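Okay, so here's the structure we're looking at.
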Amino acid sequence: MRFTVWHPRGAPVPREVSSERFVFRAPLAPTFLRPVRLAWQQCLLPLHLRLGGADLLHSTSYTTALAASTPTVLTVYDTIALRFPRFCTRLNALHYRRFMPLSARRARRIIVPSEAAKRAVMEDLGVSEERIRLVPLGVAETFRPVTDADELGKARQELGLPARYILYVGNIEPRKNLTGLIEAVAEAHRAGRCTHRLVIAGRKGWRCADVFAAARHPGAAALVQVLNDVPSRLLPALYSGASVCVLPSLYEGFGLPALEAMACGAPVVATTAGALPEVVGDAALSVRPDDVRELRVAIEKVLANRFLAQRLRESGIRRAVRFTWEKAARMTADVYREVLAEVTSEE
């Protein structure tokens, strides 16, 4: 197979990818602007596909080129914009409500990362099970336990980390339930069952003001530290140094930070929302997504019981090795072959 990869202008090109089989191209226009991105995807991309003689198009994020005559594979990570529009901007909800169903009907196969996402695609987009293929995400090999004291110390100094901390990694937006996490940690401090700070590492997302307001509240201001952009090279050390990593999400189509945390040997507490139970299995403490008290108690258990924390560390590492990008790539390539064989049989 030969691949042409279209990527946003300015995005880094992976150096380890063979240039003989892969060609990387970027649109001339700034596709971070929605009107430009729509025009490129719906008008220019079909033209490129036709002129380039492409055999297959894989649209990797929710929507595809509707006018393209090329057989299409579509990846849908979740249907949050349809199922929980309150977790999206109004414009995003309108955009995906319009284009996701059309794209789903256009695609020969739809790739999803979890059984939860599969059920959502069937229910919310009306796609038959026969057209859906499950391809779990993977965790990069760079995510592994960092045990070297010097490396941990350098990361702690560069990021300004406290000696002991509870960690959240991910976007800062309403469905991540960070106000609930802040409340749980603050209650644990007030009860005298926690002396750790809460470190929130993630990019500012939609409606993040409520999170920062909660973090500035007199009862929490001294307990919360926000790291906006953590360099990827420091993430393994950030995870490894955490006493517990918490995913308090109200919904997840997969939950990659849970997998990264487990791969680095961090004990994990995660909610039962969406696909998180599929990802963590029995290698994490699971809590209901809407119960702050249950979340607080689970965090306190991990911090107070070193035997429990060690069990979660060990079981998390064992579970994380099941999820690799190599496996995901092989499964994705199998979907390509399946579609191409189907097209050939129809000719």
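The values are calculated or read from the model by the stated rules, or taken from the named source; none is laboratory data. Just so it is clear, the model here is predicted, and its values are computed rather than measured. All Cβ positions, even for glycine, are placed from backbone atoms using ideal geometry, and neighbour counts span all protein chains on display.
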Item to complete: Give the number of residues within region 318-341 that are β-branched (V, I, T) and surrounded by 19 or more Cβ atoms within 10 Å (Cβ to Cβ).
Response: 2
Item to complete: Go through region 271-317 residue by residue and tally those that are surrounded by fewer than 18 Cβ atoms within 10 Å (Cβ to Cβ), in contact with a strand residue (DSSP E or B) (Cβ under 6 Å, 6 or more places away or on another chain) and farther than 17 Å from K176 by Cα.
Response: 0
Discussion item. Out of the strands (runs of 3 or more DSSP E) lying entirely within region 1-66, which hold 2 or more residues that are in the same structural domain as R98 (by TED's automatic domain parsing) and in contact with a Leu (Cβ under 7 Å, 6 or more places away or on another chain)?
Written reply: 57-59
Item to complete: Take E326 and decide whether it is part of a helix (DSSP H, G or I), within 23 Å of E115 (Cβ to Cβ), touching a strand residue (DSSP E or B) at 6+ places or on another chain (Cβ under 8 Å) and modelled with pLDDT of 95 or more.
Response: no
Worksheet item: So which residues in region 230-242 are assigned to a loop (DSSP other than H, G, I, E, B), out of contact with any Gly (no Cβ under 9 Å at 6 or more places or on another chain) and surrounded by fewer than 19 Cβ atoms within 10 Å (Cβ to Cβ), if there are any at all?
Response: P231
Discussion item. Can you confirm whether Y77 is assigned to a helix (DSSP H, G or I), hydroxyl-bearing (S, T, Y) and not assigned by TED's automatic domain parsing to the domain that holds G274?
Written reply: no
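A quick yes/no check of all residues on (1) within 30 Å of D148 (Cβ to Cβ); (2) not in a helix (DSSP H, G or I); (3) not assigned by TED's automatic domain parsing to the domain that holds L178:
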| position | (1), (2), (3) |
| --- | --- |
| L250 | no, yes, no |
| E260 | yes, no, no |
| G265 | yes, yes, no |
| V269 | yes, yes, no |
| P277 | no, no, no |
| A283 | yes, yes, no |
| S286 | no, yes, no |
| P289 | no, yes, no |
